[in-house]
1. For D206, indicate whether it is part of a helix (DSSP H, G or I), among the charged types (D, E, K, R) and out of contact with any Pro (no Cβ under 6 Å at 6 or more places or on another chain).
2. Determine, yes or no, whether K39 is assigned to a loop (DSSP other than H, G, I, E, B), of a type in the set (D, E, K, R) and modelled with pLDDT under 95.
3. Please work out which one of (1) among the small types (G, A, S); (2) on the phi > 0 side of the Ramachandran plot; (3) modelled with pLDDT under 95 is the condition G99 fails and give its number.
4. Restricted to the range 54-83, and to residues that are charged (D, E, K, R) and at pLDDT 95 or above, which residue is nearest to G41 (Cα to Cα)?
5. Could you check the range 179-203 and list, in sequence order, the residues that are part of a strand (DSSP E or B) and crowded, with 21+ Cβ neighbours inside 10 Å?
6. For the range 18-66: of the residues being among the small types (G, A, S) and within 19 Å of G109 (Cβ to Cβ), which is surrounded by the most Cβ atoms within 10 Å (Cβ to Cβ)?
7. Quick one: L155 ticks every box in (1) surrounded by 15 or more Cβ atoms within 10 Å (Cβ to Cβ); (2) in a helix (DSSP H, G or I); (3) of a type outside the set (S, T, N, Q) bar one, so which box is it?
Amino acid sequence: MIIAHRGISFDLPENSLPAFNASWDKGVDGIEGDFHLTKDGAIVCIHDDDTQRVCNQKLIVKDSTLEELKQLNLSHKISNNLKVKIPTLAEVLKVLPSGKKIFIEIKCGIEIIKPLIKELSQSEIHTEQAVIISFDERVIKTFKSAAPNYKAYWLYAYEPYYDLNKILDVLNDIKADGLSSDNENSKALIDQIMDAGFEYHSWTIDDIDIANKLISWRVQSITTDNPGQIQNE
């Protein structure tokens, strides 16, 4: 599967509805977005803890209400006058076509789990369309304990001298369905993870040759900033 990282963000603001909609025009299999919880319990699609980088104005997401965040416009190098707003998870789920996937990266803590499960259950998407991803082991463990019917992958920043037993212990303890990593060189890690019964996914791969190598190594998805070119290959 080819997954558009924060949508098509070369020409559009990252993590925005226009960027996600442009992804479907590229024929991707899914999108990846980053999510935080607001002060008043809304789930919003934004990567950073604050809005400075993407809005040129600074609000701390967890200390702001949804209404306050919706007053800001997402900026972009092409134009600061697009009047594109930070979307909620509900708004993103509404533009998810049938049969397509969303990788929901949790950028905060376990406080988001209950509202996240409620949001997913109230949406019209099928269970298999949503995948939860996080670097935080507690987030994956808490989510899988509460909603085992959804898939969840632990995000792992690759180290050349990785401890396979430690990785497998974490995956088993948190009941993750797979590992998602930035590993570009170790076929052994991929084989070992998959031989242990877990899925293996790759991020964020923009080089065509590396993408083709990973595909030949049987990775199950590639998250990329360059989905159009990789799709064409």
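The values are calculated or read from the model by the stated rules, or taken from the named source; none is laboratory data. Just so it is clear, the structure is predicted and the values come from calculations on it, not from any experiment. Ideal geometry is used to build each Cβ from the backbone, glycine not excepted, and the neighbour counts take in all protein chains shown.
1. no
2. Details: assigned to a loop (DSSP other than H, G, I, E, B): yes; of a type in the set (D, E, K, R): yes; modelled with pLDDT under 95: no.
In short, no.
3. (3)
4. Just the residues of the range 54-83 that are charged (D, E, K, R), to begin with: 58, 62-63, 67-68, 70, 77, 83.
Filter again for at pLDDT 95 or above, leaving 58, 62-63, 67-68, 70.
Numbers: K58: 19, K62: 9, D63: 10, E67: 12, E68: 13, K70: 14 Å.
Applying the filter and picking the extreme gives K62.
5. Restricting attention to the range 179-203, the residues satisfying the condition of being part of a strand (DSSP E or B) are 179-181, 199-202.
Of everything in the range 179-203, those that are part of a strand (DSSP E or B) and crowded, with 21+ Cβ neighbours inside 10 Å turn out to be L179, S180, S181, Y200, H201, S202.
6. Here is the first cut: in the range 18-66, the residues among the small types (G, A, S) are 19, 22-23, 27, 30, 33, 41-42, 64.
Filter once more, so that each one left must be within 19 Å of G109 (Cβ to Cβ): 33, 41-42, 64.
Numbers: G33: 25, G41: 13, A42: 20, S64: 21.
Among those that are among the small types (G, A, S) and within 19 Å of G109 (Cβ to Cβ), it is G33.
7. If we test L155 against (1) surrounded by 15 or more Cβ atoms within 10 Å (Cβ to Cβ); (2) in a helix (DSSP H, G or I); (3) of a type outside the set (S, T, N, Q), just (2) comes out false.
Matching residues to (1) without any contact (Cβ under 8 Å) to a residue 24 or more places away in the chain; (2) over 22 Å from D34 (Cβ atoms):
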{"site": "V131", "(1), (2)": "no, no"}
{"site": "F135", "(1), (2)": "yes, no"}
{"site": "A146", "(1), (2)": "no, no"}
{"site": "P160", "(1), (2)": "no, yes"}
{"site": "N172", "(1), (2)": "yes, yes"}
{"site": "G178", "(1), (2)": "no, no"}
{"site": "D182", "(1), (2)": "no, no"}
